[in-house]
Structure formats: structure tokens, C-alpha cells
Amino acid sequence: MDKIEKALQKFSAWERVVVKQLLEKLQSGSIASLNIKKLKGREDIFRVRKGDIRIIYRLDKKMGIFVLAIERRKENTYKL
């Protein structure tokens, strides 16, 4: 089981659908409708926000998008 599948098990069925939609939009490059911000102090790490759900990812010129974390917003969400 990879990291993304393990993270998705923490969410409800509806939240899993939302996360999968967000990941598909990121992968396809249609990011105009997404709430994306660059994390402070990092040039290559961004987050996508949808309600309480956060997807933290890194942009790599060779590999594209590399997902670092998928979790609900809490106090230590952005401490990587």
C-alpha cells in the first residue's frame, strides 16, 4: 500500500472523491479553479486547499508533481 492510499483511508467516502478530483486536476494541469498557495520558506512546495482537506505537494521539473501529504487541517499539518 502506497502513501496516498494509506492517507485516503483516513477520509470518508465523499472526502476521498474530493481528494481524487483534486489530484486529477493537478495531474492534468487544470489548476485555475484550485486554491493553491506556495508554502513560506520553500520555493518548490505548494498546498491545495478544499475545505479542511490539504494536499501538500512538490513541483519537480523532471517528475512533475510529487505528493508529500494528504490530510485534514490541524495544528501540525504544514510541519514537514
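The table below lists the values:
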{"read-out": "Any strands (runs of 3 or more DSSP E) falling wholly within the stretch 1-67 and containing at least 2 residues that are at pLDDT below 85, among the small types (G, A, S) and surrounded by 14 or more Cβ atoms within 10 Å (Cβ to Cβ)", "value": "none"}
{"read-out": "Scan of the stretch 39-65 for residues that are within 17 Å of G29 (Cα to Cα) and touching a residue at least 40 places away in the same chain (Cβ under 8 Å), ordered by number", "value": "none"}
{"read-out": "Any chance I70 is surrounded by 12 or more Cβ atoms within 10 Å (Cβ to Cβ), in contact (Cβ under 8 Å) with a residue 24 or more places away in the chain, assigned to a strand (DSSP E or B) and in contact with a Lys or Arg (Cβ under 6 Å, 6 or more places away or on another chain)", "value": "no"}
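The values are calculated or read from the model by the stated rules, or taken from the named source; none is laboratory data. Worth saying up front: this structure is predicted, and the values here are computed from it rather than measured. Neighbour counts are summed over all protein chains in view; Cβ atoms, including those assigned to glycine, are modelled from backbone coordinates with ideal geometry.
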